[in-house]
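Let me begin by presenting the structure, written as structure tokens, before commenting on it.
No lab work stands behind these numbers, since they all come straight from the coordinates. Since the structure is predicted, the reported quantities are computational estimates derived from the model, not experimental observations. Methodologically, a virtual Cβ is constructed for each residue, glycine included, from the backbone with ideal geometry; neighbour enumeration extends over all protein chains shown.
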Amino acid sequence: MLTIVWTVVGFFLVAHLISLYSRKDNNIHQQVSSDQLQVVHHLAHPIVRELIRVEEEVLRMPPPRKRSPRTSKRRSRKPIPLVEEFLDDKSPIRHLFFPGIKTAAFGPTKDMGNETSYYFPGKIWMDTQGNPIQAHGGGILLDVKSNTYYWYGEYKDGPTYHAHKKGPARVDIIGVGCYSSKDLWTWKNEGIVLGAEETNKTHDLHKSNVLERPKVIYNEKTEKYVMWMHIDDANYTKASVGVAISNSPTGPFEYLYSKRPHGFDSRDMTVFKDDDGVAYLIYSSEVNSVLHIGPLTEDYLDVTPVMKRVMVGQHREAPAIFKHQNIYYMVTSWCTGWAPNEALAHAAESIMGPWEKLGNPCIGGNKVFRLTTFFAQSTYVIPLPGVPGAFIFMADRWNPADLRDSRYVWLPLVIGGPADQPLEFNFGFPSWSRVSIYWHSKWRLP
Ligand code: DGJ
């Protein structure tokens, strides 16, 4: 008798659970399909359709030959022959990756005919004075007060050398370059807004050290422009962040201090200012094996004690964060020095994680382009003015043989369509969409 009662109770319990689960399931499906409808609607926008055109590139391999020892020293799981070519400064196809100044410069001082305002990823980008832009590993600040974009980056217009036989290629610190623009294409050089220290060898900014990936955010409460950057010694053992401050976007910035955030090593980094005014520091830590993320203090001059370890064991660097419809997205690279590798996109409902892997966002070019982030490395993502869900992906095509001649790869990035691999969290029902970066050898903003 007891067995029958328990069987009946068990049956109703299971039936109830199934009905609850399928209701939840339906809700999620409904939510996903309404999100997808929005996405479809948004992708149908003529402006976005123009941006998501994809180009294929054919790169013919030269016959095999002996390589310089530096080229073959590159850390890689499986060498890609075209990447070996890319890293070889004697390669007969070098002009395909680093086209020369005579044939391949673009910008407001060139006679561009009807190609004015077009981006040419990988070609030499000139400022309004006709000089190549020096703003590597950079980031963009939109200054609402002046309705002007500011591009900050590493000013690397000096000789490339190796501090030691085994050390990485480097350029002495010159400073942080700043350029201003109203249209994200015409850039005026505003000078070096944070300069190197020439004499004091104990100073963080002494020219023999490393200053990389500067990013600037504006603090409404203090009315200060705050710059965060990676500060290191020539061997990358100091592994710290530096902070500088200014009353004006064009500087001069006053260097305040450096530290190891939360007591941890910090190499590639970025800062992200959220809609509610809270800003976050994101940095590669624990010998680049983990990303750390944590809010800054209200004045943006320090980190708070709160910190989360994300993408644990994934060895990601070059973080670029952006937000769309309350979801956070991040594009990162793997860690291979100056050599290009495959990008990954992640998404999260909370900036503090968990971050879900979405896969490689690169589309087009050809397979090698997609496996090398178009021979470049992420640095920043700019929301495209007036087109929700559309962004500009900013990356550096590093030239380790001559770092000052590293190129910029700016491409359209669109959020839309279903993610292309099963997700770990959220029971396989993502509330986010695919991140797509489309290769174009030539494109312009709508
Ligand atoms: C990769 C980083 O992303 C760059 O910013 C730079 O630190 C190089 N490593 C140095 O090898």
>> As a footprinting exposure proxy, order Asp88, Asp299, Asp405 by other Cβ within 10 Å, with the fewest listed first.
In response: Asp299, Asp405, Asp88
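How big is D, in µm² s⁻¹, for the range 133-313 by Stokes-Einstein at 37 °C and 0.692 mPa s if Rh is the Kirkwood radius over C-alpha pairs? All intermediate terms of the calculation are to be shown ahead of the outcome.
Details: Rh = 16.6 Å.
Result for D is 198 µm²/s.
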>> Students often get this wrong, so check it: of Lys259/Lys323; Lys166/Lys238; Lys165/Lys201; Lys110/Lys188; Lys102/Lys367, which have C-alpha atoms separated by over 24 Å?
In response: Lys259/Lys323; Lys102/Lys367
> Relative contact order (percent) for the range 133-313, with alpha-carbon contacts under 8 angstrom and 6 or more residues of separation?
Replying inline: 14 percent
> On full extension of the chain, what length is gained from Arg444 through Ser208, given 0.36 nm per residue of separation minus the C-alpha to C-alpha distance?
Replying inline: 81.1 nm
>> Please rank Met269, Met126, fewest neighbouring Cβ atoms within 10 Å first, as an exposure proxy.
In response: Met126, Met269
> Arranged by the count of other C-beta atoms within 10 angstrom, fewest first, what order do Phe393, Phe264, Phe106, Phe120 take?
Replying inline: Phe264, Phe106, Phe120, Phe393
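If you count, for each residue, the other Cβ atoms within 10 Å and average over each peptide, how do 243-249, 307-313, 281-287, 218-224 line up from highest to lowest?
Details: 243-249: 18.3, 307-313: 16.6, 281-287: 21.9, 218-224: 14.0.
Ranked by mean Cβ neighbours within 10 Å, highest first: 281-287, 243-249, 307-313, 218-224.
So what are the range 265-343's ellipsoid semi-axes, whole angstrom, largest first, if each one is the square root of 5 times an eigenvalue of the alpha-carbon gyration tensor?
Numbers: eigenvalues 96, 46, 21 Å².
Equivalent ellipsoid of the range 265-343: 22, 15, 10 Å, largest first.
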